[in-house]
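Notes for the one structure printed next.
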Amino acid sequence: LSRFETLKMNVGKSFRYPSANELASNGVHHGAFRHEKGNAHLRSEEGYQFDLEYTLSHRRFSISLQPFITYFSNYIYLEPSGEWSLLPHSGQIYQYKQAKAWVGGGEFAAEYALNAHWKTAINAEYIYNLNSTDGYPLPFSPPTVFTGNVSYSGNRRGILNQYSFRLENQWTLAQNRIARNEEKTPATNLWHASANLHWKVGNIRFITDFQVQNIFDTAFLNHLSFYRKLNAPEAGRNVQLIWKIPF
């Protein structure tokens, strides 16, 4: 078929009991570099969710749209309190709390084939949330991310019989919608490249996958990382060569 469309819808309800650490923790979480304090008065968390998924494929292009919205009547979250711990190397106390909250957003993806070899694609991810009890955003909110790539692929006879190359740009917007006592995170722009090659030497087949993440060795902060609290940047340039031999 030259045109194909699908539409899916889901309505659901979520329910979970508070975990042991959310109820009773009171000390340094060494993996997260912070003092976490539980709340014995937490009630079970309940949420109501609505989401859609729409896809369209038409010859050379395809698009996908996946919006959602969720309402929590008593969302459990970990909030920076603004109070400093007396324990060494622990910094600010993070307190488990509960509030009414909205979380919404979605993902959009599109792909277009210029010809049999060249393709380009874009992807966008967006999250909006609100602690409606106190009017602030929820802590640890993911920033908006745009990703775009262009790729070239083909096949031929000979030792190298299948190949693909891709150049990708990942643009992460600044996260300025933060909870109280949380730090903002600046925007970042990263470039990645990869090459996937299928080889045949006699009766032996193998695949090489070459990847370079963060080509320009850009220093950046991940808003959701535990290391963000330490103002420590993520890993820089990463080069990988993977060799696979199917059998």
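The values are calculated or read from the model by the stated rules, or taken from the named source; none is laboratory data. Being a predicted model, the structure only gives us computed values, none of them experimental. Because the Cβ atoms are built from the backbone with ideal geometry, glycine has one as well, and the counts that use them run over all protein chains shown. Surface areas here come from the heavy atoms of the whole protein model, side chains and all, with no ligands, DNA or RNA. Shrake-Rupley method; radii C 1.70, N 1.55, O 1.52, S 1.80 Å.
Structure above, values below:
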{"item": "Evaluation of S64 against (1) at pLDDT below 95; (2) farther than 19 Å from A101 by Cα; (3) among the small types (G, A, S) (one fails), failing number", "result": "(1)"}
{"item": "Qualifying residue in region 129-138 (condition: under 15 Å from the mean Cα position of the chain (by Cα) and open to solvent by 40 Å² or more (accessible area, probe 1.4 Å))", "result": "no"}
{"item": "Residue within region 193-215 that is within 19 Å of the chain's Cα centre (by Cα), at pLDDT 95 or above and of a type in the set (F, W, Y) present", "result": "no"}
{"item": "Residue in region 83-97 that is on the phi > 0 side of the Ramachandran plot, open to solvent by less than 30 Å² (accessible area, probe 1.4 Å) and either modelled with pLDDT of 95 or more or not basic (K, R) (or both) present", "result": "yes"}
{"item": "Selection within region 217-231 - part of a loop (DSSP other than H, G, I, E, B), closer than 18 Å to S141 by Cα and open to solvent by less than 80 Å² (accessible area, probe 1.4 Å)", "result": "F220, L221, N222, H223, S225"}
{"item": "Pair list, Cβ < 6 Å and 6+ apart or interchain, from region 98-110 residues that are closer than 15 Å to P143 by Cβ and part of a strand (DSSP E or B) to residues that are open to solvent by less than 30 Å² (accessible area, probe 1.4 Å) and not basic (K, R)", "result": "V103/T70; V103/N129"}
{"item": "Number of positions in region 44-69 that are without any contact (Cβ under 8 Å) to a residue 40 or more places away in the chain and either surrounded by 16 or more Cβ atoms within 10 Å (Cβ to Cβ) or part of a strand (DSSP E or B) (or both)", "result": "7"}
{"item": "Among residues of region 160-177, those that are more than 25 Å from N115 (Cβ to Cβ) and open to solvent by 30 Å² or more (accessible area, probe 1.4 Å), counted", "result": "6"}
{"item": "Number of the exception - V28 against (1) of a type in the set (V, I, T); (2) over 30 Å from S153 (Cβ atoms); (3) surrounded by fewer than 16 Cβ atoms within 10 Å (Cβ to Cβ)", "result": "(3)"}
{"item": "Every pair of residues 6+ apart whose Cβ atoms lie under 7 Å, when the first sits in region 1-21 and is among the basic types (K, R) while the second is open to solvent by 90 Å² or more (accessible area, probe 1.4 Å) and not in a loop (DSSP other than H, G, I, E, B)", "result": "K13/Y48"}
{"item": "Close pairs (6 angstrom Cβ cut-off, 6 or more residues apart or separate chains): free of Cβ contacts under 8 Å to residues at least 60 places away in the same chain in region 168-186, of a type in the set (V, I, T) and surrounded by 14 or more Cβ atoms within 10 Å (Cβ to Cβ) anywhere", "result": "Q170/T147; T172/V145; T172/T188; L173/T144; Q175/T185; K184/I178"}
{"item": "Residue tally, condition touching a helix residue (DSSP H, G or I) at 6+ places or on another chain (Cβ under 9 Å) and surrounded by fewer than 17 Cβ atoms within 10 Å (Cβ to Cβ), over region 178-212", "result": "1"}
